[in-house]
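Since the structure comes first, as structure tokens, the remarks are kept for the end.
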Amino acid sequence: MAWRNVLLWVLQVVFGIYFVLVGISHFIVPEGLPAQMEWMYELSDTLHIIVGIAEIAGGLGLILPSLTRIRPELTVYAAGGLVLVMIGAVIYHAGRGESQSIVTNVVIAAIVAFIGYGRWKLEPIEAR
């Protein structure tokens, strides 16, 4: 179905860009973040590096393998990795009692899981 393919592409691009930008923010941690993101100031440098790299790699992995049709199955793995990152975020925010962040992370995890499932079973991209 063409509409599913279009929906998956839109989600891949939107969430790919989202994760690359959020990943970059772990390396620059800008001043004056909104209140719901002030937790970033409390993360260790090591955790910023690990999460930043994971989010940048995952964001690129949502887009590039499918776009280039070189190893497009890597998009599925990138989605799975990002789901794991979001599960870690849920655990982190649960420990801090930040229910709004938990809901946001669960929704993002569900969308990324849908992208992975969609590219695995519903509308896989054929390799060159």
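The values are calculated or read from the model by the stated rules, or taken from the named source; none is laboratory data. A quick note: this is a predicted structure, and the numbers were derived from the prediction, not measured. Because the Cβ atoms are built from the backbone with ideal geometry, glycine has one as well, and the counts that use them run over all protein chains shown. In case anyone asks, the SASA skips ligands and DNA or RNA and just uses the protein heavy atoms, side chains included. Shrake-Rupley method; radii C 1.70, N 1.55, O 1.52, S 1.80 Å.
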Practice task
Say whether the condition of being open to solvent by 30 Å² or more (accessible area, probe 1.4 Å) and under 30 Å from Met1 (Cα atoms) is met by at least one residue in the stretch 40-55.
Solution key: no
Exercise for the section: Please work out which residue is surrounded by the most Cβ atoms within 10 Å (Cβ to Cβ), limiting yourself to the stretch 22-37 and to residues that are free of Cβ contacts under 8 Å to residues at least 12 places away in the same chain and in a helix (DSSP H, G or I). Expected result: Met37
Exercise for the section: For the stretch 84-100, state whether one or more residues are of a type outside the set (S, T, N, Q) and within 19 Å of Leu122 (Cα to Cα). Expected result: no
Exercise for the section: Restrict the check to the stretch 61-79 and report whether at least one residue is open to solvent by less than 60 Å² (accessible area, probe 1.4 Å) and over 18 Å from Glu123 (Cβ atoms). Expected result: no
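Would you confirm whether or not the stretch 93-113 contains a residue that is loosely packed, with under 13 Cβ neighbours inside 10 Å, in contact (Cβ under 8 Å) with a residue 24 or more places away in the chain and basic (Lys, Arg)?
yes
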Problem - Given (1) assigned to a helix (DSSP H, G or I); (2) out of contact with any Gly (no Cβ under 6 Å at 6 or more places or on another chain); (3) open to solvent by 80 Å² or more (accessible area, probe 1.4 Å), index of the condition Asn5 fails - result: (3)
Practice task
Would you be able to say whether some residue in the stretch 60-69 is of a type in the set (Lys, Arg), more than 11 Å from the chain's Cα centre (by Cα) and at positive phi?
Solution key: yes
Exercise for the section: Confirm whether Leu74 is free of Cβ contacts under 8 Å to residues at least 12 places away in the same chain and either over 30 Å from Val6 (Cα atoms) or over 12 Å from the mean Cα position of the chain (by Cα) (or both). Expected result: no
